[in-house]
Amino acid sequence: MNISAVLLVLISVTTTTYAITGLYQAIMANLKKVPAGKPAYQSSLYTNNSKFAASKAVDGNTNTNMDTGSCFHTETNRTNWWYVDLQQTYRQIRKIELYSRTDCCAERNKMISVQIGTSLDNMRQVKYWSSQIGGHEKITFTHDQVARYVKLVHTANTYFHMCELEVYHQ
Ligand SMILES: [Ca+2]
């Protein structure tokens, strides 16, 4: 291979890389959010008070202060879970955002598995945090993900609370 052929290959690879990067950035900049208000469920309800219901994490309000009444809160158990039913299968999911409680007790926000799937019997983990997470976490995907359900499984053996979960797709 002569020098011009090598240069041509280099230019080609570089151009392709830029094109793919550009495409990815364009996709991520134009994502649509799954509408708020989808049905959500949780393993238990703190003090049996609807102020802490599962629906609070899909009410469209990302406020992370528990007192504002926009976060779910379970009782304390070895394993807690929460999930949302998106009511249809989305085939081009590219991002999930999580807003966790920040006014108190952030140390409970650990040992969290994020799972997605088209059936609750067939979920797969796309993220696991063993240590404490930040108040606003983003999980991005380089390829389209297919899911109707998004589930959080919490095994920290404490209360579990989360203030909002958002799903974004192409
Ligand atoms: Ca909320």
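The values are calculated or read from the model by the stated rules, or taken from the named source; none is laboratory data. Treat the numbers as computed from the prediction; the structure is a model and nothing was measured. Positions of Cβ are generated from backbone atoms using ideal geometry, with glycine treated the same way; all protein chains shown enter the neighbour counts.
Among residues that are more than 17 Å from A40 (Cα to Cα), more than 16 Å from the ligand (Cβ to nearest atom) and at pLDDT 95 or above, I116 is not included. Evaluate region 136-148: report whether one residue or more is surrounded by 20 or more Cβ atoms within 10 Å (Cβ to Cβ), assigned by TED's automatic domain parsing to the domain that holds C163, of a type outside the set (S, T, Y) and over 15 Å from the mean Cα position of the chain (by Cα). No: zero hits. Just to be sure I understand, how many residues within region 133-155 are touching a Ser or Thr at 6+ places or on another chain (Cβ under 9 Å) and either within 16 Å of the ligand (Cβ to nearest atom) or part of a loop (DSSP other than H, G, I, E, B) (or both)? Total satisfying the criteria: 7.
Yes/no per residue for (1) within 15 Å of the ligand (Cβ to nearest atom); (2) under 21 Å from H169 (Cβ atoms):
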{"position": "N30", "(1), (2)": "no, yes"}
{"position": "S44", "(1), (2)": "no, no"}
{"position": "A53", "(1), (2)": "yes, no"}
{"position": "I93", "(1), (2)": "no, yes"}
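Among the conditions (1) in a loop (DSSP other than H, G, I, E, B); (2) more than 15 Å from the chain's Cα centre (by Cα), T17 misses just one, which is (1). Quick check on A36: is it of a type outside the set (D, E, K, R) and either within 15 Å of the ligand (Cβ to nearest atom) or touching a Phe, Trp or Tyr at 6+ places or on another chain (Cβ under 7 Å) (or both)? Taking the combined requirement at face value, the residue satisfies it. Taken as a whole, region 58-68 holds no residue that is in the same structural domain as R148 (by TED's automatic domain parsing), assigned to a strand (DSSP E or B), near the ligand (Cβ under 8 Å from one of its atoms) and hydroxyl-bearing (S, T, Y).
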